Amino acid sequence: MAQSAIAVPVVVAPASAQRSQWAMSFERFRQHRPAVGAVIVLGTLAVLAAGAPIVSPYDPTRVTLSLINEPPSLAHPFGTDALGRDLATRILYGGRVSLSVGLLAVAVAVTVGTLVGTTAGFYGRWVDSVLMRFVDMMYSFPRLFLLILFGVFFRGMTLPVIVTVLGLLSWMTTSRLVRAQFLSLKQREFVEAARCVGARDRRIIFRHILPNSLAPIIVAATLGIAGAIIAESTLSFLGLGIQPPTPSWGNMLKDAPTEMNNAPWVAIYPGLFIFLAVVSINFIGDGLRDALDPRHVITRR
Amino acid sequence: MNRYILRRLVQALPLLLGISIASFALMKAIPGGPLAAYEAAPDFSDADLRRLEHTLGLDQPLPIQYLNWLGKFVAGDWGYSFVSHQPVLVLIGERLPNTIYLMGTVFITVLVLSIPIGVFTAVKQYSWFDHIVTGSTYAFLSTPTFWLGLLLIIFFGLQLRWLPLGGMTTPGASPDLVDRLRHLILPVATIAIVQLGSHVRYLRSSMLETIHQDYMRTARSKGLGERIIVMRHALKNASIPLVTVIALDIPELFAGAIVTEQIYGWPGMGRLFFDAATRLDYPILMGILAVTSTLIVASNLFADVVYGYLDPRIRYS
């Protein structure tokens, strides 16, 4: 058809108004160049990590004594480590761990944070005071201190444990955000109207207020993934997170301080991938913020 | 104003109490404990263990144990390290100044650098300087502290051999000012660079918002010089929210201290905490948790008060 080549303004029926808002957001996101680039980088990284056994001919945990601390070469693009393992392969397998920890820990954090924030913001009064004082208390402990204590408690962590612990120590920002949304939205006319036609609390919360609070939650969650990846890698670097021989981007750097004099690549490349993932996620978070909240664009470039 | 400060102080008390209960519960939940060393000893009978438990007050109900601990804690008796048997207060007292020395330098460095950079990028929005700074702030705040520390050691310590690899002074040599400064540069840079990223970014967007306010146009139409407009009218208002950001960054500073002190062998509180954690040395852990969380609560309180002073509109809200 001839008109398929040119942009034709689509008349949107009022019934699909909600979907068109998401479409508009998607359009705005696509115009945010760094964010789109970041999606491509992160996507490639995730695909390579997921397909690590196909991409790499090496075993990530097998020790090869004849290949100790080999500098980068064609066969080993990032060199080998102190046990003769291919660094590039371990980075791919480590990416599986680090990326999933980030994603899953934030899933836990957002669930808990939304529950707490909703309860506090919707029911208000003493429930709100008690929950918010609890949030204040959680904020008063540096997260890394508690992570270290739990790391000692569990003698290092497996993936499910670190996801749970990290999630349960990271929900406070989301809860404050959701609470603030509820406090401002529950006074609005559309909530009043819903209540007038006899909607129950549950319906008001899940059908009216939460969907309208989604934008800030999504942005906070995205940036939370970056924070979780850094937290996991820091803990694993200190030897209290994911335990070797399973590689994670953090524990690959654990022995770097003793090796970096004769094999600096061991200290450089795993960290480079943490950096790459975190930068990409931060760009995506920024793109999402601009896309989901058009008012925000004014102050940004 | 005084009443506002007083009210905030009173509000902080239950928070501190809650923190102490939470840390106490946390310590009780972790295995090991003061009797762990004796449980394995063969010449220690069950009866001996009970007697020791009784003398240490560990056979009492938990709330009583907590109150006993709190009473002693407030009185300054923070117990003794299980490992070195030195008083906890003395151990923390030895290390805290080193951490404050490091953190204080970071704090001042970040403040001194971030304000001019943040103001300049906002005033010269879209210039090449702005693009470089905006790009670097992204990179800075996405860098894991410990990796940055390793990179700086590799580059400035091992490759160029310009700076020492760790410690606070050169062992053996008499520590003069130059030696102290040389040891300070890398650890400070490691934490400061990451913090600089977030502060510059924050100040830039806050300045950009302020620059487009009506009173800026008024100031300009009065014929005020650009320098006075930017420094007095814009920066003053733009830096108010920065107070809160800085206060919220204090926990980050402590977290940064653990990693940085570990990498650079800096004898501060972060390393004391890490070593105590791996040895399950509770009294030290309790003491450090108490000190850090109190400092965090105090800094938040301070930020609230300063905020109330700078922006009178929120004073009594």
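The values are calculated or read from the model by the stated rules, or taken from the named source; none is laboratory data. This one's a predicted model, so the numbers in the text were calculated from it and none came from an experiment. Cβ placement follows ideal geometry from the backbone for every residue including glycine, while neighbour counts extend to all protein chains displayed.
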| Of A:R155, A:R62, A:R96, which residue is within 14 Å of chain B (Cβ to nearest Cβ), basic (K, R) and within 30 Å of A:M260 (Cα to Cα)? | A:R155
| Of the criteria (1) modelled with pLDDT of 85 or more; (2) within 30 Å of B:D249 (Cβ to Cβ); (3) not acidic (D, E), which one A:G156 fails | (1)
| Is there a residue being outside any loop (DSSP other than H, G, I, E, B) and in contact (Cβ under 8 Å) with a residue 24 or more places away in the chain anywhere in region A:55-71? | yes
| Of all residues making up region A:119-142, the number that are more than 7 Å from every other protein chain (Cβ to nearest Cβ) and either of a type in the set (S, T, N, Q) or not in a helix (DSSP H, G or I) (or both) | 3
| Conditions (1) more than 10 Å from every other protein chain (Cβ to nearest Cβ); (2) under 17 Å from B:G149 (Cα atoms): number failed by A:I225 | (2)
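Might you check whether a residue that is charged (D, E, K, R) and within 22 Å of B:A255 (Cβ to Cβ) occurs anywhere in region A:113-128? Explain how you work it out, then say what you get.
Residues of region A:113-128 charged (D, E, K, R): A:125, A:128.
With within 22 Å of B:A255 (Cβ to Cβ) added as a condition, the list becomes none.
Taking every residue of region A:113-128 in turn, none turns out to be charged (D, E, K, R) and within 22 Å of B:A255 (Cβ to Cβ).
Restrict the check to region B:263-270 and report whether at least one residue is within 26 Å of B:W78 (Cβ to Cβ), out of contact with any Leu (no Cβ under 7 Å at 6 or more places or on another chain), without any contact (Cβ under 8 Å) to a residue 24 or more places away in the chain and within 11 Å of chain A (Cβ to nearest Cβ).
Checked region B:263-270: no residue is within 26 Å of B:W78 (Cβ to Cβ), out of contact with any Leu (no Cβ under 7 Å at 6 or more places or on another chain), without any contact (Cβ under 8 Å) to a residue 24 or more places away in the chain and within 11 Å of chain A (Cβ to nearest Cβ).
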| query | For region A:248-260, how many residues are facing chain B (nearest Cβ under 8 Å) and assigned to a helix (DSSP H, G or I)? | reply | 3
| task | For residues that are within 10 Å of chain A (Cβ to nearest Cβ) and surrounded by fewer than 24 Cβ atoms within 10 Å (Cβ to Cβ), scanning just region B:285-297, find the one that is farthest from B:G93 (Cα to Cα). | result | B:V297
| query | Mind checking whether some residue in region A:263-270 is on the phi < 0 side of the Ramachandran plot, of a type outside the set (A, V, I, L, M) and within 14 Å of the chain's Cα centre (by Cα)? | reply | no
| request: Quick one: B:L280 ticks every box in (1) part of a helix (DSSP H, G or I); (2) over 29 Å from B:L242 (Cα atoms) except a single one, so which number is it? | output: (1)
| task | Residue by residue through region A:252-263, note down the ones that are surrounded by fewer than 24 Cβ atoms within 10 Å (Cβ to Cβ) and either among the hydrophobic types (A, V, I, L, M, F, W, C) or at pLDDT below 85 (or both). | result | A:D255, A:P257, A:T258, A:E259, A:M260, A:N261, A:N262, A:A263
| message | Looking at the structure I just gave you, is B:R161 of a type in the set (K, R) and buried (at least 19 other Cβ atoms within 10 Å of the Cβ)? | response | no
| said: Let me spell it out: the conditions are (1) more than 12 Å from chain B (Cβ to nearest Cβ); (2) touching a residue at least 12 places away in the same chain (Cβ under 8 Å), and A:A263 meets all of them except one. Which number is the exception? | reply: (1)
| message | Can you confirm whether B:Y282 is buried (at least 16 other Cβ atoms within 10 Å of the Cβ) and not hydrophobic (A, V, I, L, M, F, W, C)? | response | yes
| Could you list, in sequence order, the residues of region A:18-54 that are free of Cβ contacts under 8 Å to residues at least 60 places away in the same chain, more than 25 Å from A:Y93 (Cα to Cα) and either touching a Cys at 6+ places or on another chain (Cβ under 6 Å) or hydroxyl-bearing (S, T, Y) (or both)? | A:S20
| Within region A:42-56, is there a residue that is polar (S, T, N, Q), more than 22 Å from A:A263 (Cα to Cα) and loosely packed, with under 14 Cβ neighbours inside 10 Å? | yes
| remark: If we keep only residues of region B:137-161 that are among the β-branched types (V, I, T) and facing chain A (nearest Cβ under 9 Å), then the residue farthest from B:T190 (Cα to Cα) is B:I154
| note | Per the filter on region B:200-233, residues more than 14 Å from every other protein chain (Cβ to nearest Cβ) and buried (at least 18 other Cβ atoms within 10 Å of the Cβ) are B:V200, B:A219, B:I229, B:V230, B:H233
| request: Looking only at region B:192-199, decide whether some residue is polar (S, T, N, Q), within 23 Å of B:T260 (Cα to Cα), surrounded by 12 or more Cβ atoms within 10 Å (Cβ to Cβ) and without any contact (Cβ under 8 Å) to a residue 24 or more places away in the chain. | output: no
